[in-house]
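Below is one structure; the comments refer to it alone.
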Amino acid sequence: MSGIGVGTAQAAGTTRPGNTAQVQTRAEATLTAVEVTFYTTYDNKDHDTKVFTSVTDHTNKTIGTLGEHFGDDEFSDGDADGPYALSLTEPATWSSMRDGRLRIRIEPNGNDTWKLNVRSTLFFSDGTRRHADQDNLAPSQRNRQVDVPIA
């Protein structure tokens, strides 16, 4: 399944912040949207492996989750899947997301190793962004969860 353009922040009913001047400081800027894209490298995600994706703040509190678990979708070698919009469940600010994490957890049916690169963007009310990007991830039946630091 190729999900390019599916589930973007605009489709989820949220808007990306513009470049208009804001009165608030960067530390106070509120999180308005989170998008994630998965880039499968050379070992696919099996069609029956579920994926759970969330973003946490610096206290490890869950701020947003991806509602889709992809349990019926294979992410084939070389595919880019996303961007997908996470649903924000808690308020967060620029400063509270420092040292936060993008968490990817899989639930395989039997054996599965999924080798991927991930790109995620956090959008804030003042027009700024943070990223959680990492290459060479390999969640598997033995190591089901990977955490990517938010820069």
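Points worth noting:
- Built amide H within the under 5 Å cut-off of Phe124, gap 5+: Thr32
- Note that segment 62-74 has calculated 3J(HN,Hα) couplings of 6, 9, x, 9, 9, x, 7, 10, 6, x, 10, 10, 8 Hz, one per residue in order, obtained from phi through the Karplus relation 6.51 cos²θ - 1.76 cosθ + 1.60 (θ = phi - 60°); glycine and proline are x.
Values in this text are rule-based calculations from the coordinates and carry no lab data. These figures come from a predicted structure and were not determined experimentally.
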